[in-house]
Amino acid sequence: MTTSATQREIRDRYAAGERNFAHIHLAGEDLSYADLRGVNLQGANLRGCDLSFADLEASDLTGADLRGCLLFSTNLRGATLDGALFTRADFDSYTRFPEGFDPTAHDMTQDA
């Protein structure tokens, strides 16, 4: 089941201890600087989100749609990215990916 939420709702729910946001619809939301460590975002629609400076360390993004996202200085260390879509997502030299992840193989764009 897919549910929609705003960035404020996600931040509030995370602060209250919730970590399961599987299949949530957040397309286009501004989640920059969000602390979302260890969340379950399996199958989430994050298309076009601004995730710049967000902390998604150890999160599960299996099958998530991150096409067109801004990932400047985003922390994805230890995240599970199996089957995630990243076409035209932008990242920079400060973006941190899981070990062995190759952003160019996922059709991502590196900005200076």
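Things worth noting here:
- In segment 24-65, residue least open to solvent (accessible area, probe 1.4 Å) [restricted to those that are part of a strand (DSSP E or B) and within 16 Å of Thr87 (Cα to Cα)]: Asp65
- Test for Thr95: is it among the polar types (S, T, N, Q), over 19 Å from Gly43 (Cα atoms) and surrounded by 20 or more Cβ atoms within 10 Å (Cβ to Cβ): yes
- Residue within segment 13-21 that is open to solvent by less than 40 Å² (accessible area, probe 1.4 Å) and part of a loop (DSSP other than H, G, I, E, B) present: yes
- Residues being among the hydrophobic types (A, V, I, L, M, F, W, C) and part of a helix (DSSP H, G or I) - total across segment 1-12: 1
- When Gln7 is tested against (1) within 20 Å of Asn75 (Cα to Cα); (2) surrounded by 14 or more Cβ atoms within 10 Å (Cβ to Cβ); (3) modelled with pLDDT of 95 or more, only condition (3) is not met.
- Among the residues of segment 66-90, those that are within 16 Å of Thr109 (Cβ to Cβ), open to solvent by 20 Å² or more (accessible area, probe 1.4 Å) and in a loop (DSSP other than H, G, I, E, B) comprise Arg67, Gly68, Phe72, Ser73, Thr87, Arg88.
- Among the residues of segment 77-99, just one is farther than 20 Å from Gly28 by Cα and among the β-branched types (Val, Ile, Thr), namely Thr80.
The values are calculated or read from the model by the stated rules, or taken from the named source; none is laboratory data. Predicted model only: the values in this text are computed from it and were never measured. In this analysis, Cβ positions are derived from the backbone assuming ideal geometry, glycine residues included, and neighbour counts consider all displayed protein chains. To get the accessible areas, we keep the full protein, side chains included, count just its heavy atoms, and leave off ligands, DNA and RNA. Shrake-Rupley method; radii C 1.70, N 1.55, O 1.52, S 1.80 Å.
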